[in-house]
1. Assign unit charges at the C-beta atoms only (+1 for Lys and Arg, -1 for Asp and Glu), then state the dipole size of the chain relative to its Cα centre in Debye, rounded to the nearest 20.
2. Cβ under 13 Å from Tyr38's Cβ, Tyr38 left aside: what net charge do those residues give with Lys, Arg +1 and Asp, Glu -1?
3. Taking N as the number of residues in the chain, what value does Rg over Cα atoms divided by 2.2 N^0.38 Å take?
4. Want the number for Thr39 to Arg58: 0.36 nm per residue separation, take away the alpha-carbon distance, what's left?
5. Spelling out what I want: for every residue of segment 51-58, take phi, set θ = phi - 60°, compute 6.51 cos²θ - 1.76 cosθ + 1.60 (Karplus), and round to whole Hz; glycine and proline get x.
6. 5 Å is the cut-off here: which amide hydrogens, built 1.01 Å from N in the peptide plane, fall below it relative to Cys34, excluding neighbours closer than 5 in sequence?
7. In nm, give the distance between the simple-model label positions of Leu78 and Phe14, each being 7 Å from the Cα along the Cα-to-Cβ direction.
8. Excluding Glu28 itself, calculate the net charge of residues whose Cβ lies under 13 Å from the Cβ of Glu28, where each Lys or Arg counts +1 and each Asp or Glu counts -1.
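Please treat every number below as a calculation from the coordinates, not as lab data. Computed from a predicted structure; not experimentally measured. Glycine also receives a Cβ, built like all others from the backbone with ideal geometry; neighbour counts cover every protein chain displayed.
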Amino acid sequence: MEGAAIFVDNPGMFLHPSIMHSVWNHLEELRPDCTFIYTTHDLDFASSRTDSAVIWVRDYDAEKVTWDYRVLPSHAGLSDDIYLTI
């Protein structure tokens, strides 16, 4: 529906790497009225999204039900420290 939030867990699963970016780019172009939210460990894919917000989930404490995360600046890209940590 219009204005929907579309959650995509592991956008590269079951897709050949050579078409993954073009498939998601095309779907985003078809539905500019929706917000796509990707959960991924693929840093190249995460970096390829344009006009996006990146949230780096560093840790989760199930006992306290707390998240350790950072919202990264969209214009900065992913730092070498993040690449090494992940």
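1. Around 40 debye, computed over the chain.
2. -3
3. Rg over 2.2 N^0.38 Å, computed on Cα atoms: 1.19.
4. 5.5 nm
5. 6, 10, 9, 10, 10, 9, 8, 7
6. Gly3
7. Going from the Leu78 label point to the Phe14 one covers 2.3 nm.
8. Value of the local net charge: -1.
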